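Notes to accompany the following structure.
The values are calculated or read from the model by the stated rules, or taken from the named source; none is laboratory data. The structure presented is a predicted model; accordingly, all values stated were derived computationally and were not measured. For neighbour counting, all protein chains shown are included, and Cβ atoms are generated from backbone atoms with ideal geometry for every residue, glycine included. These area figures cover heavy atoms from the full protein model, side chains too; ligands, DNA and RNA do not enter into them. Shrake-Rupley method; radii C 1.70, N 1.55, O 1.52, S 1.80 Å.
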Amino acid sequence: DFSKAMSQAGSSQFQEVIRQELEYSMKVELDKILATAPSNELEHTKNDLEGFKKLFHRFLQEKGPSVDWGKIQRPPEDSIQPYEKIKARGLPDNIASVLNKLVVVKLNGGLGTSMGCKGPKSLIGVRNENTFLDLTVQQIEHLNKSYNTDVPLVLMNSFNTDDDTKKILQKYSHSRVKIYTFNQSRYPRINKETLLPIAKDVSYSGENTECWYPPGHGDIYASFYNSGLLDNLIAEGKEYIFVSNIDNLGATVDLYILNHLMNPPNGKRCEFVMEVTNKTRADVKGGTLTQYENKLRLVEIAQVPKAHVDEFKSVSKFKIFNTNNLWIALSAIKRLQEKNAIDMEIIVNPKTLDGGLNIIQLETAVGAAIKSFENSLGINVPRSRFLPVKTTSDLLLVMSNLYSLNAGSLTMSEKREFPTVPLVKLGSSFTKVQDYLRRFESIPDMLELDHLTVSGDVTFGKNVSLKGTVIIIANHGDRIDIPAGALLENKIVSGNLRILDH
């Protein structure tokens with residue numbers, strides 16, 4: 001046992017030496033990169049690289065999944081409140097007074113590449129020519145006009161989306177919404193083998209675009225603080241931010257949740273509220289809230305030891321998942337940021353660049369900070385508050401007559417008999433938005449649809465109705481044109497069906 005202990009001690013000493021060498025090599029490379037920064041970029045480049053250095057240090061310290069499965073417990077009953085209970089408290093007479101304490105923050109760092117679009121995802125048209133950003137501005141403007149308030153919109157951009165977003169913001173200059181932006185950090189991607197940055201200088205255009213990345217939405221705390229915007233908003237009397245992904249069309253300002261935050265029933269304010277919703281089979285990989293060392297903690301699938309992944313995915317044990325709609329106290333962000341006390345697990349995201357080089361990027365997630373805040377709470381909200389558009393299959397749902405649009409908000413049509421959304425799977429011919437739009441002459445009637453699978457070269461004529469379960473499969477070399485006015489109810493369509501103009 002003594003020799004075993006000695007060899008373990010030797011091994012950990014050896015690992016410590018390796019770690020120190022890696023950190024030193026990283027510091028040397030980052031100093032070289034910083035030396036190439038022009039004077040007007042020096043300050044924020046320095047901030048970015050300092051932030052990255054801290055993240056890299058933690059990455060070298062941590063090994064293996066970051067949770068001890070034995071310590072995970074179900075959250076206590078009162079730590080996740082049903083939305084009905086929050087709503088039953090009603091609203092205060094003076095709604096404007098609570099709304100004026102609120103800031104809406106949208107995470108706007110993502111590009112539309114997964115849907116075949118160039119530029120920011122927020123500029124993709126989703127409904128009647130309106131983009132994600134248009135709908136967001138309409139929602140907040142409607143609030144401000146209805147209650148005579150001044151709720152501002154803040155966009156967290158990345159270096160990928162900042163220029164294009166700023167150009168488009170001019171079109172809202174006459175709307176009744178103040179719009180602010182700040183940029184999340186820009187971190188260097190690192191070579192998987194050497195664990196050194198692949199960037200040689202600070203530029204991020206041309207061939208250097210692949211050298212840098214925005215480090216996930218967990219970066220919001222540091223970037224918001226460093227931008228000076230956090231202090232400005234506190235000085236204006238703002239108290240809470242409502243943060244959500246710009247592509248989640250269900251994430252509108254909820255007055256009942258806001259009232260619960262501002263006027264807590266027990267007199268003790270929550271610093272952090274996470275909206276969760278019940279898992280369906282489609283959400284088994286979603287992060288879930290657990291009790292861990294007497295704190296609420298968000299556990300993501302990447303942190304789960306392999307032996308427990310199936311248990312994590314079980315809908316019966318972990319019934320809810322994080323929608324990434326979060327309500328956070330501004331004063332708490334400031335306090336924790338100044339103490340360097342926001343603790344988020346590191347997500348290691350491996351990628352292969354176009355040239356075949358394997359890299360990793362170190363990221364964090366905004367919801368993971370829940371354990372750093374005092375008096376955190378989960379609220380189990382209706383599924384309608386989680387309506388993300390990640391693929392063209394999601395886009396088909398939100399463009400269809402399943403939803404009606406009112407003042408920038410989408411609501412499920414009253415004509416739909418059951419509240420769940422149909423399961424839609426469009427094949428690879430529909431992945432890119434322009435291909436998808438080309439294949440639908442008009443969006444089908446889907447009010448009575450349960451399930452749609454489409455694969456291969458398929459097009460839809462005008463005024464098609466889909467009901468029940470519909471499966472359309474064109475094999476390689478075949479093409480199927482669904483004729484205008486067709487009604488497909490519980491049908492499987494396969495083979496060849498060409499409709500030719502004459």
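Data overview
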| read-out | value |
| --- | --- |
| Residues located in the stretch 324-333, provided they are of a type in the set (G, A, S) and open to solvent by less than 20 Å² (accessible area, probe 1.4 Å) | A329, A332 |
| Condition check for R416: outside the structural domain of K118 (by the TED database) and either farther than 30 Å from D254 by Cα or of a type in the set (A, V, I, L, M) (or both) | no |
| Any hit, the stretch 88-100, residues being assigned to a loop (DSSP other than H, G, I, E, B), at pLDDT 95 or above and surrounded by 14 or more Cβ atoms within 10 Å (Cβ to Cβ) | yes |
| Residues of the stretch 300-323 classified as part of a helix (DSSP H, G or I) and either open to solvent by 70 Å² or more (accessible area, probe 1.4 Å) or touching a residue at least 24 places away in the same chain (Cβ under 8 Å) (or both), total | 8 |
| Restricting the stretch 261-298 to residues that are charged (D, E, K, R) and assigned to a helix (DSSP H, G or I), the residue that is nearest to D394 (Cα to Cα) | D283 |
| Residue in the stretch 50-70 that is nearest to R297 (Cα to Cα), counting only those that are assigned to a helix (DSSP H, G or I) and touching a Ser or Thr at 6+ places or on another chain (Cβ under 9 Å) | L55 |
| Criterion violated by C117 - all others in (1) outside the structural domain of L255 (by the TED database); (2) not aliphatic (A, V, I, L, M); (3) not in a helix (DSSP H, G or I) satisfied | (1) |
| Count of residues meeting criterion [closer than 20 Å to V243 by Cβ, open to solvent by 10 Å² or more (accessible area, probe 1.4 Å) and of a type in the set (A, V, I, L, M)] in the stretch 138-177 | 3 |
| Complete set of residues in the stretch 334-361 that are open to solvent by less than 80 Å² (accessible area, probe 1.4 Å), part of a loop (DSSP other than H, G, I, E, B) and not hydrophobic (A, V, I, L, M, F, W, C) | D343, E345, G356 |
| Residue among N226, N183, N245, N266 that alone is free of Cβ contacts under 8 Å to residues at least 40 places away in the same chain and outside the structural domain of T411 (by the TED database) | N266 |
| Qualifying residue in the stretch 277-285 (condition: within 26 Å of S409 (Cα to Cα) and open to solvent by less than 10 Å² (accessible area, probe 1.4 Å)) | yes |
| Long-range neighbours under 6 Å by Cβ, at least six apart or interchain, first residue touching a residue at least 60 places away in the same chain (Cβ under 8 Å) within the stretch 193-204, second assigned to a loop (DSSP other than H, G, I, E, B) and not aliphatic (A, V, I, L, M) | I198/R189; D201/T36; V202/T36 |
| Residues of the stretch 234-254 that turn out to be crowded, with 18+ Cβ neighbours inside 10 Å, of a type in the set (A, V, I, L, M, F, W, C) and outside any loop (DSSP other than H, G, I, E, B), as a count | 3 |
| Count of the stretch 348-375 residues which are closer than 14 Å to R297 by Cβ and out of contact with any strand residue (DSSP E or B) (no Cβ under 9 Å at 6 or more places or on another chain) | 0 |
| Flag for G456 being touching a residue at least 12 places away in the same chain (Cβ under 8 Å), surrounded by 16 or more Cβ atoms within 10 Å (Cβ to Cβ), at positive phi and not assigned by the TED database to the domain that holds R127 | yes |
| Subset of the stretch 410-439 that is buried (at least 19 other Cβ atoms within 10 Å of the Cβ) and touching a residue at least 40 places away in the same chain (Cβ under 8 Å) - its residue that is farthest from K491 (Cα to Cα) | L410 |
| Residue identified as out of contact with any helix residue (DSSP H, G or I) (no Cβ under 8 Å at 6 or more places or on another chain) and either surrounded by 18 or more Cβ atoms within 10 Å (Cβ to Cβ) or under 30 Å from R176 (Cα atoms) (or both) among I499, I480, I492 | I480 |
